Amino acid sequence: MEVLLLKDASRMVDSALEHGRALECHPLTVAVLDPGGHLLALKREDDSGILRPDIAQAKAWGALGMGAGGRNLARRAATAPAFFEALSAISGGRIAPVPGGVLVRDSEGRVIGAVGVSGDHPDKDEACAVYGIESAGFTADGG
């Protein structure tokens, strides 16, 4: 099983931010979590809002906790809002079921972490997360 190393997480963050500049996104915050939900790397661009680190981590943490990317979680939350309200309460508000939380899979398809991006439209956040993950040589699963 591959392991997500700090050097991989750093590359994901930097590549995601680079892609955000290319897409002319609003200032972004990017968080990378290990499979246990622990923060490996985080960067907040200048002028990115003060809640963005929490939102980026919640996107990644929710994806890890539910084993599905944020896009999948958003669809599920739309059809089962009571369940996701309960999940929010259970997790202490640490889940944000929206695009921008992307699972990191190794070459065998196992989840080895997650990336969360916050700062622009969720679709752009997700595109930056996917770009960062793939730039580091892993498979992105946004759901």
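For the chain, which whole-number percentage of the solvent-accessible area (1.4 Å probe, protein heavy atoms only) is attributable to carbon and sulfur atoms?
Values: 3700 of 6790 Å².
Carbon and sulfur atoms account for 55 percent of the accessible area of the chain.
Per-residue accessible area for PHE83 at 1.4 Å probe radius, Å² rounded to 10?
100
Given Cβ point charges of +1 (Lys, Arg) and -1 (Asp, Glu) and nothing else, what value in debye, to the nearest 20, does the dipole of segment 81-143 about its Cα centre take?
Working: 4 positive and 9 negative charges, 37 e Å.
In debye, rounded to 20, segment 81-143 gives about 180.
Taking only protein heavy atoms into account and a 1.4 Å probe, give the accessible area per residue of segment 4-138 in Å².
Averaged over the residues of segment 4-138, the accessible area is 47 Å².
Need one value: the accessible area of LEU4 in square angstrom, 1.4 angstrom probe, rounded to the nearest 10.
Around 10 Å² of this residue is reachable by solvent.
Would you please give the FRET efficiency between HIS121 and MET1, computed as 1/(1 + (r/R0)^6) with r the Cβ-Cβ distance and R0 = 35 Å, to the nearest 0.05?
Working: r = 34 Å, r/R0 = 0.98.
Given R0 = 35 Å and the Cβ-Cβ separation, E is 0.55.
In angstroms, what radius of gyration and Dmax does segment 14-96 have, counting Cα atoms only?
Both quantities, over Cα of segment 14-96: 13.7, 38 Å.
Please compute P(r) over all alpha-carbon pairs of segment 1-141, binned at 10 Å starting from zero, and give each bin as a whole-number percent.
Result returned by the calculation: 15, 48, 31, 6.
The values are calculated or read from the model by the stated rules, or taken from the named source; none is laboratory data. Since the structure is predicted, the reported quantities are computational estimates derived from the model, not experimental observations. Virtual Cβ from ideal backbone geometry, glycine too; neighbours counted across all protein chains shown. Ligands, DNA and RNA are stripped out before the accessible areas are found, and what is left, the full protein with its side chains, is counted by its heavy atoms. Shrake-Rupley method; radii C 1.70, N 1.55, O 1.52, S 1.80 Å.
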